[in-house]
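This report concerns only the one structure given below.
The values are calculated or read from the model by the stated rules, or taken from the named source; none is laboratory data. All values reported here derive from a predicted model rather than from experimental measurement. A quick note on method: Cβ atoms are made from the backbone with ideal geometry, for glycine too, and the neighbour counts reach across all protein chains shown. Side chains included, ligands, DNA and RNA excluded: accessible areas come from the protein's heavy atoms. Shrake-Rupley method; radii C 1.70, N 1.55, O 1.52, S 1.80 Å.
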2 protein chains.
Amino acid sequence: MYSISEVAEQLDIKPHTLRYYEREGIIEPDRNKNGNRYFTEAHVNWLTFVKKLRETQMPITQIKEYANLYLEGEHTSLQRLQLLEDHQRSIQEQIHNLKTTDEMLERKISLYKEHLRTKEPN
Amino acid sequence: MYSISEVAEQLDIKPHTLRYYEREGIIEPDRNKNGNRYFTEAHVNWLTFVKKLRETQMPITQIKEYANLYLEGEHTSLQRLQLLEDHQRSIQEQIHNLKTTDEMLERKISLYKEHLRTKEPN
DNA sequence: AGTTGCCTTAAAGTAAACTTTAACCTTTAT
DNA sequence: ATAAAGGTTAAAGTTTACTTTAAGGCAACT
């Protein structure tokens with residue numbers, strides 16, 4: 001069981017952001033008698049996954065959708081699978097796009113280097 | 001020479017966005033006698049490049065920096081090269097990050113599929 | 001008892017990159 | 001000459017994902 005600040009430090013997410021995620025319905029931590037949030041290992045695993053999804057541009061709304069499906073139980077696994085597959089496709093598009101621009105930059109950089117080699121140096 | 005709406009259509013960027021880019025100092029189109037913007041082939045090439053940079057997450061401020069260096073002339077080519085190299089590094093990091101998550105998703109997707117195969121179908 | 005530190009909530013603020021609105025002017029077609 | 005199409009500007013609004021502020025509660029050390 002981890003306190004909000006422990007989880008925040010572990011995952012490098014601010015406590016406020018974790019509360020925001022709760023408001024958004026992305027996570028529902030347990031509470032102790034004082035009303036303080038407590039996170040289990042499972043919560044931390046889920047948040048780690050969420051972080052990965054965010055880092056790869058999945059919008060909060062979609063993450064929430066996935067979370068809701070999970071809470072609805074077993075019978076939503078097909079929909080969850082489809083959500084993940086959609087996101088995987090988005091990731092692969094992103095990779096493709098980045099690679100294309102990487103190549104373009106590579107060419108442009110070569111030209112700059114060539115130019116700097118042949119011009120009189122400063 | 002293209003009007004703002006022609007360029008907008010060609011590049012799939014709204015006219016307003018082009019004006020916004022101008023305010024930000026990213027582009028300086030020519031003007032005709034009526035004050036209307038006119039874009040040359042060179043302008044379009046530059047905007048195409050800008051679009052690629054934006055699509056790969058280069059912030060407007062950095063693009064502006066590159067544009068300013070270009071306008072300052074020849075003697076800034078080393079700095080421009082460095083800007084491009086920095087961005088290339090950022091792109092490669094993004095690719096790496098995306099690939100990692102892609103693999104994680106691949107594993108998770110397999111588990112879901114396995115699960116759906118073995119459970120009684122709906 | 002007081003202060004420090006961490007917690008709570010609700011609500012307002014921020015940053016980036018546009019996007020929309022409002023008010024107006026020109027040119028072209030009818 | 002009048003309306004439609006498309007241009008102009010400045011300024012306000014939007015979206016997403018937080019982040020900060022305000023106002024306060026609780027517990028533990030000194």
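Quick one: with label points 7 Å out along Cα→Cβ, list the inter-copy distances for residue B:118 in nm, shortest first?
For residue B:118, the inter-copy label distances come out at 6.4 nm.
Taking beta carbons within 10 Å but only from partner chains, what does the mean come to for residues A:68-75?
Counting Cβ atoms of other protein chains within 10 Å of each residue's Cβ and averaging gives 1.
All other residues with a Cβ under 9 Å from the Cβ of residue B:88 taken together, and with Lys, Arg as +1 and Asp, Glu as -1, what is their net charge?
-3
Compute the label-point distances linking residue B:28 to its equivalents in the other copies; points lie 7 Å from Cα along Cα→Cβ; give nm, one decimal, shortest first.
Sorted ascending, the copy-to-copy spacings read 5.9 nm.
Work out the count of Lys pairs in chain B where the Cα-Cα distance is under 17 Å, with the pair 8 or more places apart or on different chains.
Close lysine pairs found across chain B: 6.
Counting only protein heavy atoms and a 1.4 Å probe, tell me what percentage of the protein assembly as shown's accessible area is made up of carbon and sulfur.
C and S fraction of accessible area: 48 percent.
To the nearest 100 Å², how much accessible surface do chains A and B hide from each other in total, with a 1.4 Å probe?
3400 Å²
Between helix A:60-72 and chain A, what is the angle of the helix's C-alpha long axis to the longest principal axis, kept within 0 to 90° and rounded to the nearest 10?
40 degrees
Show the residues, 5+ positions off or on another chain, whose built amide H is closer than 5 Å to the amide H of residue B:38.
B:30, B:31, B:32
In B, who owns the beta-carbon nearest the axis carrying B over to A, and how many Å from it?
So the chain B residue sitting closest to the axis is B:95, 3.
Over chain B, average the accessible area per residue using a 1.4 Å probe and give it in Å², no decimals.
Per-residue value: 62 Å².
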